[in-house]
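Undergrad: Okay, handing you the structure first.
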There are 2 protein chains.
Amino acid sequence: MKAPIYFLFLFLWFAKALQAQGDVSVTTFAPGVIKLSFGKPDTFAPYNFCTEKPRVSEMKDVAMADLPFVLKDVKIEVNERGVQVRIPLNNEEQLYGFGMQIGSFEQRGLRKRPIVNDHPVSDIGFSHAPQPFYLSTAGYGVLVNTSRYVTFLCGSNQELLQQTSESNAKEGLKFTPEELYAQQSPKHSAVWIDIPNAKGVELFFFQGTTLKESVQRYNLFSGGGGLPPLWGLGIKYRTKGDFTQDDVLKMAKYFRSHNIPCDVLGLEPGWHSNSYSCSYVWSDKFPRPQAMIDSLKGMNLRLNLWEHAYVNPRAPFYSDLKNLSGNFLVWRGLVPDFVNPNAAKIFADYHEQNLVDKGIASFKLDECDNSDITQGKATWGFPDLTKFPSGIDGEQMHQLFGTLYAKTLFDIYKKRNQRTYFDYRSSNVFTSSLPAVLYSDIYGHNDYISMISTASFGGLLWSPELRDSKNETDFIRRLQTMLLAPQAVVDAWFLKNTPWFQLDRKLNNEDVRYEGADKLEELVRSLFNERMSFIPYLYSSFYDYYEKGIPPFRPLVMDYPADKKVRPISSQFMIGQNIMAAPTTMDSNARTVYFPQGLWFDYYTHQQYEGGKSYQLNIPFDKLPLFVKSGSIIPVATPVNFIDDKTVFDITCKVFGSNPSAFLLFEDDGTSFNFQKGNANLISLRVANGKGSVERKGTYKDRRYVIKSWEFFK
Amino acid sequence: MKAPIYFLFLFLWFAKALQAQGDVSVTTFAPGVIKLSFGKPDTFAPYNFCTEKPRVSEMKDVAMADLPFVLKDVKIEVNERGVQVRIPLNNEEQLYGFGMQIGSFEQRGLRKRPIVNDHPVSDIGFSHAPQPFYLSTAGYGVLVNTSRYVTFLCGSNQELLQQTSESNAKEGLKFTPEELYAQQSPKHSAVWIDIPNAKGVELFFFQGTTLKESVQRYNLFSGGGGLPPLWGLGIKYRTKGDFTQDDVLKMAKYFRSHNIPCDVLGLEPGWHSNSYSCSYVWSDKFPRPQAMIDSLKGMNLRLNLWEHAYVNPRAPFYSDLKNLSGNFLVWRGLVPDFVNPNAAKIFADYHEQNLVDKGIASFKLDECDNSDITQGKATWGFPDLTKFPSGIDGEQMHQLFGTLYAKTLFDIYKKRNQRTYFDYRSSNVFTSSLPAVLYSDIYGHNDYISMISTASFGGLLWSPELRDSKNETDFIRRLQTMLLAPQAVVDAWFLKNTPWFQLDRKLNNEDVRYEGADKLEELVRSLFNERMSFIPYLYSSFYDYYEKGIPPFRPLVMDYPADKKVRPISSQFMIGQNIMAAPTTMDSNARTVYFPQGLWFDYYTHQQYEGGKSYQLNIPFDKLPLFVKSGSIIPVATPVNFIDDKTVFDITCKVFGSNPSAFLLFEDDGTSFNFQKGNANLISLRVANGKGSVERKGTYKDRRYVIKSWEFFK
């Protein structure tokens, strides 16, 4: 960390260097965050909607270095087309980011268009959670503070002026479309950014010495990572869309009587008297909702409600919202102008009084992305030309809609000093502080694994749901992945019985029990318990997200910047500071696992693996595919079936290898924001002279953890 | 046709009605073409590049009616987003157009983005030849005179203000993604047009009493349809990309010695010393190009050369063009700024002196569209943010590039009073006068059939190439379709031997002869001859394209506006005034054929079919699937193997049904533009009292046709 005087120096130097370009201003916005402004900035730039303050003090603790280019070499032009930016790129740099990406991981050589879309196609960048933000292995991030649809040419094209003598060489003839249209990777290139229709631009540069530090700085700049309530890290189960009140209660009893962990039940569209668009009023399938909520509470189950933001004429607040909505409808429902605080207030007040006050623990915010922009017949989303009373157009609203919608409802809980954990289907930049996971209807298992990594570049959390399965192997592999994610959720929105009762959708809804159902139920119970045993570890990892900006789930490239072999790996990822996951899919029971530098242990068998090498490993069905760094202390809990305000975890500290680093276990009430005012403990787990020690610091008086024992593996 | 005073009246009335909207001007630009201007028009609007004069006199002969809406109900707004237009739409209207479309035919209910793209996906409108131009069954067309990327909402979305009481009805619950995301078709809707970044707009309204008349008017406004040389309607064969001069001559001799019709041989990239990008210089595979051209000429074969417009550093005119090109390269080649007349001249002069003067009959203009905008790794095209010396940006240049490129080379031929027939891979609006066919690397046979129809809405011609085949049936079905198109071409660019020598690509290139090759060759000869027999009919149909704007190949919806059953049909199409084609694919040897009103004949068996009905028909392999309207005279030629300046066709007039309409056979030199100065004949073929009569009118002295006999089928 450099001293503040350094920033001042930087600022003066950059400001001078950039004078030649005219209308440029450069400010150091926060420690390690340089803002470059040019021309007239956007009114609806996403940072304008970030209500979290930068965590300046924590940002100072994250290392940084100079950018690998000087800012005067960032070329910006404002003209009739809009704004174009050229940012230097070294031949050695690999790029990541653009939000939660599906079709690609390494982004160099690609044209990326991070545009919100419900159906991610190919590698172009259309996604539920697109971001005009990329990160480089050279240890910096570049964010364009705009809600417009932007194109990034990630070193994918060659400029006339960069033509070198090499190109005079005679080319061999090419005779297949694959050869002719092969991806171009010119050596002398740059990142070009195309922002049509803009009159100016704000660029944020996030410094670091590594990519990970740039991510940390970005997350801390956005307010730090959101800390879910403790119960949010348990198991969620979403019931069938047409379930009645009695069906829901029956399912709740199933979990408790069968001793299968579950913390949250989720209701799907059928709870609304009208959905698509939504009425936000209980349907006649739920004649006594309060009684149901209370019954569930009695079973220590929290209730999550599905909705989207398109307000049906039957919604009680429809008339109030009519003049504060876009001029196009979605499923005949109003599109609230969430940019307008009055619209947000009408929407939030109704939710607070009629749902949150009644005990609803969280929401699932569906359809807040956009209908597939690559299909002409997909037109449920509001058009890009939609006009909203606040002045924002449909294009910019699409990029912001999921974020504004989630914030509108999250603020209810924040005001009540009550934590929550949302599902939402769209996000944008500066949202790391939102305790919310993304989900999708795409269901490719390999994609679901890699999205855990891609989400993490931009302060996002991805929830790979378990729905239906092609066969038992598919079920188990998806189950494993789902349990190794920021949220563990079974989404049975079209299944009458649990997916493990019957894998086949049709037979499931006909109550035909699968012959292997008992065995699968036992496996589900056992693997759910594994997830529950990691909750203290996960919770502490989320605290690192909050406090240091370190994503709790992240690709290896963040932790091993010097190892070029990890750059393309998106099928393995880090969980917290010490654990690496390597899930597989139904396609193969064995997989190649690459171990970065150091020594590694199989979490269960304690088999050791040498770093810098790849191993072909069988991935068992009955465990989670987890590996632990040598020199780690992993606090493991005795599993519980649910987490309530009084839950105390019995902890076994598992120590892998010698000279382990200390582990800081985060302890608080698990449900309020009091930790932000210091009402929390950090429990240092240490090993010295072959013996474990526990030191608790902090002002939180209750106990969440009892350290019961220590186990050592060498 | 109404009198000119009517236009004046219309103009005054519209101008008055539109005053309220501000900056609007309405002019009747040409008979039945209303131009509505608003704000500051685009500098690079496509009509600015249309050098053809409207065929005013011919346009007056095309019927028209008032638009079904008043222009004051066309709402236009210019704001920070750009320009938005709202055009009324009646519930009964179906919409067509947007250029050559692939994934959809009826466009109502869709969001269309007619953007140039080499890989058409889905039904969104990305295409080789996109057009901001739609046509309605209500008998009008609307064209946005812009080269920007535009979105059309074709009655696909519902506005808040159009919300009716219906929407208060309770919705049933929906539980599948298909149900939830089903296409919306609100009744009370409009066409919305979104033109981001524009400062104004010009809308052209093409009037008609039917859709067909609007198309005719559009084509005549664009200069009328392009008339290919007579030889252009014969057979073209493209040889393998790496063929040498000797290989080409050997293939030429094959056609002549085996008595298989062929008029044009095409060379692929290998003729360039450098291709991808191109040098436009003969490679060492062609040591004596002039000798080859002359030898081919001696065999009555014309030569077509493949190229694209990306100029390799090894091209002799590279240096001259360097400062007249875009600031990004494509395959390391310059992108000429064809908007700049100097760039076009350098490009054209080189071609004229080094290729056209040497005897090259035509060109194939490849890659003038854009790399797939839905794939991040597809980046060979110049970026949308490319800057050109003329001031046009990459986005607008993409929409215009194919058109400007083709015009640049076509003008060489026009100056020489020599007709040609190009292949090109991209076009835009106002190009009907270009004698050029579009082609594609997509190879879906059903798509290939429907594109014959979709191209025709916008003055475009589509050439469904025959390349490789999955099996014999696939080969024959594709062969039939290829022969029923504006150009008949076998594209064997990756095959050493003819496709009928061996269907399998690998075996073909290993010289392994297919066991059924003799039989297939006989079929090819026979069906090629069928094509050759229709050349007088096709040539006269193209004359109707030139003179009346009637597309020679067009969907049934153009000819049968009163029959709603034809609206969705894109698998059958009209050829000329009297023939309907109904090809099929390898998927089925039988198909449903719908016959519109009237009586119809099978062209070969003379089997009769009643109009207004569908029949399930077997489609034979050894004939072309053609049906003739009762009351038609079809001039059929004795097939020839090639067409040269002296070819005289022996004609049999086939008369189908009673009281046939006259047929006008167009006669000229077949190769020059002298017909435009009246040096041509129209031969009236008539039947009276059961006997045929022939009346030739015009100033063309030579003879192209001898009417040998008449045949009557009733």
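Undergrad: Looking only at the range A:424-475, count how many residues are farther than 26 Å from A:PRO229 by Cα and β-branched (Val, Ile, Thr). Walk me through how you get there before you give the answer.
TA: Looking only at the range A:424-475, we keep the residues that are farther than 26 Å from A:PRO229 by Cα, and these are A:442-447, A:468-475.
Then drop every residue that is not β-branched (Val, Ile, Thr), which leaves A:442, A:473.
Total meeting the criteria: 2.
Undergrad: Follow-up. Is it the case, given these coordinates, that B:PRO316 is at the interface with chain A (Cβ under 8 Å from one of its Cβ atoms), of a type outside the set (A, V, I, L, M, F, W, C), in a loop (DSSP other than H, G, I, E, B) and touching a helix residue (DSSP H, G or I) at 6+ places or on another chain (Cβ under 8 Å)?
TA: no
Undergrad: Looking at the range A:99-115, which of its residues are touching a Cys at 6+ places or on another chain (Cβ under 9 Å) and either closer than 18 Å to A:ILE452 by Cα or not charged (D, E, K, R) (or both)?
TA: Here is the first cut: in the range A:99-115, the residues touching a Cys at 6+ places or on another chain (Cβ under 9 Å) are A:107-112.
Listed by number, the residues that qualify are A:GLN107, A:GLY109, A:LEU110.
Undergrad: Now a separate question. If you go through the range B:387-395 one residue at a time, do you hit one that is surrounded by 24 or more Cβ atoms within 10 Å (Cβ to Cβ), in contact with a strand residue (DSSP E or B) (Cβ under 6 Å, 6 or more places away or on another chain) and either part of a loop (DSSP other than H, G, I, E, B) or not assigned by TED's automatic domain parsing to the domain that holds B:PRO120 (or both)?
TA: No: the range B:387-395 contains no residue that is surrounded by 24 or more Cβ atoms within 10 Å (Cβ to Cβ), in contact with a strand residue (DSSP E or B) (Cβ under 6 Å, 6 or more places away or on another chain) and either part of a loop (DSSP other than H, G, I, E, B) or not assigned by TED's automatic domain parsing to the domain that holds B:PRO120 (or both).
Undergrad: Quick check on the range A:412-435: of everything there that is of a type in the set (A, V, I, L, M, F, W, C) and closer than 27 Å to A:THR210 by Cβ, which residue is farthest from the other protein chains (Cβ to nearest Cβ)?
TA: Filtering the range A:412-435 for residues that are of a type in the set (A, V, I, L, M, F, W, C) and closer than 27 Å to A:THR210 by Cβ, the one farthest from the other protein chains (Cβ to nearest Cβ) comes out as A:LEU434.
Undergrad: Same structure, new question: Which pairs turn up if I take residues in the range A:23-37 that are within 18 Å of A:ASN48 (Cα to Cα) and look for partners that are outside any strand (DSSP E or B) and among the charged types (D, E, K, R) with beta carbon separation below 7 Å, at least 6 apart in sequence or on another chain?
TA: These pairs meet every condition: A:VAL33/A:ARG217.
Undergrad: For the range B:114-140, which positions are touching a strand residue (DSSP E or B) at 6+ places or on another chain (Cβ under 7 Å), assigned to a loop (DSSP other than H, G, I, E, B) and more than 8 Å from chain A (Cβ to nearest Cβ)?
TA: Result: B:PRO114, B:ILE115, B:ASN117, B:PRO120, B:HIS128, B:ALA129.
Undergrad: Next question. Which of (1) outside any helix (DSSP H, G or I); (2) modelled with pLDDT of 95 or more; (3) among the aromatic types (Phe, Trp, Tyr) does A:TRP231 not meet, given it meets every other one?
TA: (1)
Every residue, every condition in (1) polar (S, T, N, Q); (2) under 21 Å from B:GLY576 (Cβ atoms); (3) exposed (fewer than 12 other Cβ atoms within 10 Å of the Cβ), yes or no:
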site: B:ILE651; (1), (2), (3): no, yes, no
site: B:VAL655; (1), (2), (3): no, yes, no
site: B:SER658; (1), (2), (3): yes, yes, no
site: B:PHE663; (1), (2), (3): no, yes, no
site: B:PHE673; (1), (2), (3): no, no, no
site: B:ILE683; (1), (2), (3): no, yes, no
site: B:ASP702; (1), (2), (3): no, no, no
site: B:VAL706; (1), (2), (3): no, yes, no
site: B:PHE712; (1), (2), (3): no, yes, no
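Undergrad: Now, a different point. A:TYR47 - would you say it is out of contact with any strand residue (DSSP E or B) (no Cβ under 7 Å at 6 or more places or on another chain), surrounded by fewer than 21 Cβ atoms within 10 Å (Cβ to Cβ), among the aromatic types (Phe, Trp, Tyr) and outside the structural domain of A:PHE401 (by TED's automatic domain parsing)?
TA: Yes; evaluated as a whole, the condition is true for this residue.
Undergrad: I'm trying to understand the selection: among the residues of the range A:352-368, which are touching a residue at least 40 places away in the same chain (Cβ under 8 Å) and assigned to a helix (DSSP H, G or I)?
TA: Within the range A:352-368, A:GLU352, A:ASN354, A:LEU355, A:VAL356 qualify.
Undergrad: Moving on to the next point. State all residues of the range B:435-446 that are closer than 14 Å to B:PRO583 by Cα and surrounded by 18 or more Cβ atoms within 10 Å (Cβ to Cβ); if no residue qualifies, say none.
TA: B:HIS445
Undergrad: Among the strands (runs of 3 or more DSSP E) lying completely within the range A:631-708, list those that include at least 2 residues that are over 26 Å from the mean Cα position of the chain (by Cα), among the small types (Gly, Ala, Ser) and under 25 Å from A:ARG55 (Cα atoms).
TA: Counting at least 2 such residues, we get no strands (runs of 3 or more DSSP E) at all.
Undergrad: Is it the case, given these coordinates, that B:ASN428 is out of contact with any Phe, Trp or Tyr (no Cβ under 7 Å at 6 or more places or on another chain), crowded, with 24+ Cβ neighbours inside 10 Å and over 23 Å from B:PHE673 (Cα atoms)?
TA: Numbers: out of contact with any Phe, Trp or Tyr (no Cβ under 7 Å at 6 or more places or on another chain): yes; crowded, with 24+ Cβ neighbours inside 10 Å: yes; over 23 Å from B:PHE673 (Cα atoms): yes.
Criteria met by B:ASN428.
Undergrad: For A:ILE442, only one of the following conditions fails: (1) in contact with a strand residue (DSSP E or B) (Cβ under 8 Å, 6 or more places away or on another chain); (2) at pLDDT below 95. What is its number?
TA: The number of the failed condition is (1).
Undergrad: A further question on this structure: Please state which one of B:GLY394, B:GLY326, B:GLY359 is within 14 Å of chain A (Cβ to nearest Cβ) and farther than 20 Å from B:PRO114 by Cβ.
TA: That would be B:GLY326, the only listed residue that is within 14 Å of chain A (Cβ to nearest Cβ) and farther than 20 Å from B:PRO114 by Cβ.
Undergrad: Something else: When residues of the range A:258-284 are filtered for being closer than 21 Å to A:GLU530 by Cβ and free of Cβ contacts under 8 Å to residues at least 24 places away in the same chain, how many remain?
TA: So the count comes out to 0.
Undergrad: Taking only the range A:152-163 into account, find how many residues are more than 7 Å from chain B (Cβ to nearest Cβ) and within 16 Å of A:PRO130 (Cα to Cα).
TA: Total satisfying the criteria: 2.
Undergrad: What do you reckon, is A:ALA344 touching a strand residue (DSSP E or B) at 6+ places or on another chain (Cβ under 8 Å), under 17 Å from A:SER426 (Cβ atoms) and either surrounded by fewer than 22 Cβ atoms within 10 Å (Cβ to Cβ) or more than 10 Å from chain B (Cβ to nearest Cβ) (or both)?
TA: Yes, satisfied.
Undergrad: Among the listed residues B:GLY241, B:GLY200, identify the single one that is under 30 Å from A:PRO196 (Cβ atoms), within 14 Å of another protein chain (Cβ to nearest Cβ) and in contact (Cβ under 8 Å) with a residue 24 or more places away in the chain.
TA: B:GLY200
Undergrad: Further question on the same structure: Limited to the range B:90-109, what total is found for residues that are more than 12 Å from chain A (Cβ to nearest Cβ) and farther than 15 Å from B:PHE133 by Cα?
TA: Matching residues across the range B:90-109 total 4.
Undergrad: Something else now. Tell me which of these A:LYS250 doesn't satisfy, since it passes every other one: (1) over 31 Å from the mean Cα position of the chain (by Cα); (2) within 14 Å of another protein chain (Cβ to nearest Cβ); (3) among the basic types (Lys, Arg).
TA: Status for A:LYS250: all satisfied but (2).
Undergrad: Check A:LYS53 against each of (1) more than 14 Å from chain B (Cβ to nearest Cβ); (2) buried (at least 18 other Cβ atoms within 10 Å of the Cβ) and name the one condition it does not meet.
TA: Here A:LYS53 meets the rest and fails (2).
Undergrad: Against the condition within 30 Å of A:ALA182 (Cα to Cα), within 27 Å of the chain's Cα centre (by Cα), of a type in the set (Lys, Arg) and in a loop (DSSP other than H, G, I, E, B), how does B:LYS240 come out, does it pass?
TA: Yes, satisfied.
Undergrad: Those residues that are within 20 Å of B:LEU523 (Cα to Cα) and among the basic types (Lys, Arg), I need them from the range B:619-648; list them, please.
TA: B:LYS623 - this is the single residue of the range B:619-648 that is within 20 Å of B:LEU523 (Cα to Cα) and among the basic types (Lys, Arg).
The values are calculated or read from the model by the stated rules, or taken from the named source; none is laboratory data. Predicted model, so just to flag it, every value in this text is computed and none were measured. As a convention, Cβ positions derive from the backbone with ideal geometry for all residues, glycine included, and neighbour counts pool all protein chains shown.
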